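Visitor: So that we are looking at the same thing, I have put the structure below in structure tokens.
The values are calculated or read from the model by the stated rules, or taken from the named source; none is laboratory data. Only a predicted model underlies this, so the values are computations on that prediction, with no experimental measurement involved. Here Cβ is always computed from backbone atoms with ideal geometry, including for glycine, and neighbour counts include all displayed protein chains. For accessibility, only protein heavy atoms count, side chains too; no ligands or nucleic acids. Shrake-Rupley method; radii C 1.70, N 1.55, O 1.52, S 1.80 Å.
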Amino acid sequence: MQKPPRNRVRKLEAVQSAEAPARSRILAVDDDERNLLAISEVLAATGDVICAQSGEEALRYLLKEDFAVILLDVLMPGIDGYETAALIRQREQSKRTPIIFLTAINKEEAHMLRGYDAGAVDYVFKPFDPIMLRSKVAVFVELHEKRLEIQRKAAAEQGLLAQALQAQKDKLQAERALRSSEERQDAILRSLPVCFHARAAEPPFAARFVTKGVERLTGFSPDDLISDPAFGLSRVHPEDRSRLEQALLETKNTGFYTCEFRWLCADGEYRIFLDQGVMSDGSDGEKPEILGTLLDVTERRGLEDQLLQSQRLDAIGKLTGGLAHDFNNLLAAILSGLGLLERRGTLDDQARQIVDLMRRSAKQGADLVTRMLAFSRRQTLKPEAMRLAALGDTMNGLVAPVLGGLIRFDWQVDDAVWPVHVDAGQLELALMNLVFNARDAMSSGGTITVHAQNRSVENRSEDVLAGDYVVLTVKDTGSGIAPDILAKVIEPFFTTKPVGKGTGLGLSTVYGFMKQSGGTLRIESAVDRGTAMQLWLPRSVEEPANPSLEADIGHTLLDASTDRPSILLIDDSNVLRQLTAESLRQRGFEVTCAGGGAEALAMIERAPDQFDVIVTDFAMPLVTGVDVIRFARNLRSDWPAVIITGYADQEDIADRPADVPLLGKPFRDKDLLDSIFLAVANAEPRKIKAG
């Protein structure tokens, strides 16, 4: 007899439709091939029959496949039906699969009970009736297919439920993301000085919609603006209202508008708003309205005003510095010429009086130029460590005679404050200037108080760097300064005093001196309540040195020496150069003149041993005085030199060699001689060290 195929079910699966469910599988286990063939033929229409000829082979199939029912022969070589059934029931995957025992001889009740105990659900006796076998197997196949269908439906329902849950989850996540986005946008809008609004296109341009940001800008809620149609325009500054109304009216024609105006906020202060927007087209059936944004630009305008003020002061400072340079040359020439006139001949009393008046006027001009340089921050300072308490006696002695009996001067500075790094002489002048201003502000009398306190700045502000400062305050109880002119008082030549009572350089000089010293000037004032001038002085990292008297080196050497050093005099001002040279020649010096730095370099290169001392102007075209000295010291390292300057930036002056004296224009003959012999004295130690 031909052996039946064992893998029929797999071949059938290959041709099944992907949409149709797979046929149920039936496992037939019998050591007789004829029984297996008969079972396959009988059950072919019921399901796919898998044939196994032993218990071991059946167990191998059960490891891979799932069956609707198992037909198991009781008597088989090796593992019999009872043992095979017991092993099948031990496996989780197959323990619920129905088992029908096939038997030909074991029909006794005891054998059948053993079979049921082993896990059988029914018995079929050989030779079996095909109809009975098919009907019994069909019941279990149908139950199996129902179970599979229930599982498929449950899986489908589970899938649908999972999809529904995922959709719900996605929806919740989308809603959460939307809320998060809205909260983030709302937080961003709240953090910005801006709000969005919609208003009517006709006067009074009533607000229809306003975002919550308006409360942060103005102190009023959106309801405050929406409930009263005229509320918005009513709080616009009267000077700006007509301009805003005109801009809004023109929006109908232009389609957009931009306007900047002042608006009275809830705190009683006017703030500056930039209002800009467009006209809606009304295509949705609603009336056209104006849609716009309101931006707070108060701080921006304040910074722009400060920048313009700073630029204006800087421009004035540069102009002032240039004028000061030219005036210093002129004044130096006048003073030198007057000195020559006095030395060349005997003057009668009237001529001497005229010369004295001319010299006094020239010196007043020099003082004015010094103030101009102080404002432009180009004056020559000699900062040193000092304690402010040391100025107490000096200030009391200087101030008392000029204040009068109605004004009391109260100096409240002691050694508890830090030492400061400042030019002591210029600080005295600045304090005197502030005290005199305070006196003029108290026509009916009062008190001028000077006190100091230590202050540390952690973060850089608009006018001071981070660091330690001593704030020296001059406070009065006078008339105060009106807010509209407070920002102008430090501008040069600005004064509220009558004509002839002031130059307008006082506070500008103090301001320039403080900025040049690394600090600043701050002013606090209230009308009829007084003014406080704060001088912010940088703290000194060194302790003040004990005061000592400097020797008059120039006159000492001039009196003790019969030899006069030969001088190379360099200046691009012809008049000043000739007058200075003539003054030195009258003192016994041999003087050679050069009209500029380039000419001086050529003379030094041709005859480096001809000149003992170089006296040079600082600011000259192309080649500066510092360039000349550096070139000369490449040829002779101990070459004495003096620099004369009408004005110069502190950075440029600081770049000069440390042993080179600096002499400001206009200068006295004595100052020039002192500087020359000081330069010679500075060179002597280098000669000794080199030798």
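Visitor: Which whole-number percent gives the relative contact order of the stretch 112-228, counting Cα pairs below 8 Å spaced six or more residues apart?
Guide: Across the stretch 112-228, relative contact order equals 12 percent.
Visitor: Taking the Cα centre of the stretch 558-617 as origin, sum charge times position over the Cβ atoms of Lys and Arg (+1) and Asp and Glu (-1), and report the length of that vector in debye to the nearest 20.
Guide: For the stretch 558-617, the charge dipole is close to 140 debye.
Visitor: Can I ask one more? For the ranges 183-194, 268-279, what's the packing order if you count other beta-carbon atoms within 10 Å of each residue, average per peptide, and put the highest first?
Guide: 268-279, 183-194
Visitor: Something else about it: Tally Lys/Arg at +1 and Asp/Glu at -1 over every other residue whose Cβ is under 13 Å from the Cβ of R208; what's the total?
Guide: Neighbour charge sum, excluding R208 itself: -3.
Visitor: Compare the peptides 63-75, 383-395, 453-465 by average per-residue count of other Cβ atoms within 10 angstrom and give them in order, highest first.
Guide: 63-75, 383-395, 453-465
Visitor: In this model, which of K64/K95; K382/K665; K382/K475 are farther than 23 Å apart at the alpha-carbon?
Guide: From K64/K95; K382/K665; K382/K475, over 23 Å: K382/K475.
Visitor: In addition: Scan around C593 for amide H atoms under 5 Å from its own, H built in the peptide plane at 1.01 Å from N, and keep only partners 5 or more places away or cross-chain.
Guide: L569
Visitor: So, one more: Write down, largest first, the equivalent ellipsoid semi-axes of the stretch 595-679 in whole Å, where each equals the square root of 5 times an eigenvalue of the alpha-carbon gyration tensor.
Guide: Sorted largest first and rounded, they come to 19, 15, 12 Å.
Visitor: Does the stretch 228-308 come out rounded, prolate or oblate, given a ≥ b ≥ c as the square roots of the eigenvalues of its C-alpha gyration tensor, rounded meaning a/c under 1.5 and, failing that, prolate meaning a/b above b/c?
Guide: prolate
Visitor: Find, to one decimal place in angstroms, the Kirkwood hydrodynamic radius of the stretch 108-217, where the mean of 1/r is taken over every pair of different Cα atoms and then inverted.
Guide: 22.1 Å
Visitor: Follow-up question, since we're still on this one. Return the Rg/Rh value of the stretch 214-267, two decimal places, where both radii are evaluated on C-alpha atoms and Rh is the Kirkwood radius.
Guide: 1.00
Visitor: Around G595, with a cut-off of 11 angstrom between Cβ atoms, what is the net charge of the other residues, counting Lys and Arg +1 and Asp and Glu -1?
Guide: Net of charged neighbours comes to -3.
Visitor: Excluding ligands, DNA and RNA, what is the solvent-accessible area per residue of the stretch 118-244 at a probe of 1.4 Å, expressed in Å²?
Guide: 64 Å²
Visitor: What number comes out for accessible area per residue over the stretch 573-630 if the probe is 1.4 Å? Units Å², please.
Guide: 44 Å²
Visitor: Give me the aspartates and glutamates in straight-line cross-link reach of K146: C-alpha distance below 17 Å, same-chain residues under 8 apart excluded.
Guide: Those aspartates and glutamates meeting the cut-off are D48, D66, E157.
Visitor: Kirkwood hydrodynamic radius, the stretch 23-178, all distinct C-alpha pairs: what's the number in Å?
Guide: Mean inverse Cα-Cα distance, inverted, gives 17.3 Å.
Visitor: Figure the gain on full extension for R408 and D32 (residue separation times 0.36 nm, minus the Cα-Cα span) and round it to one decimal in nm.
Guide: The span from R408 to D32 would gain 121.7 nm if fully extended.
Visitor: Using a 1.4 angstrom probe on the protein heavy atoms only, line up D129, D48 by accessible area, largest first.
Guide: D129, D48
Visitor: With unit charges on the beta carbon (Lys/Arg positive, Asp/Glu negative), name the residue among M112, I70, Q93 whose Cα is farthest towards the positive pole of the charge dipole of the stretch 51-116.
Guide: Value computed over the given set: Q93.
Visitor: Where nothing but the Cβ of Lys and Arg (+1) and of Asp and Glu (-1) is charged, how large is the charge dipole of the stretch 77-192 around its Cα centre, in debye to the nearest 20?
Guide: It works out to roughly 280 debye.
Visitor: In whole Å, how far is the Cα centre of the stretch 68-116 from that of the stretch 410-429?
Guide: Each part reduced to its Cα centre gives a spacing of 115 Å.
Visitor: Let a ≥ b ≥ c be the square roots of the eigenvalues of the Cα gyration tensor of the stretch 173-305; is it rounded (a/c under 1.5), or, if not, prolate (a/b larger than b/c) or oblate?
Guide: Oblate shape, in that a/c is at least 1.5 and b/c is the bigger or equal ratio.
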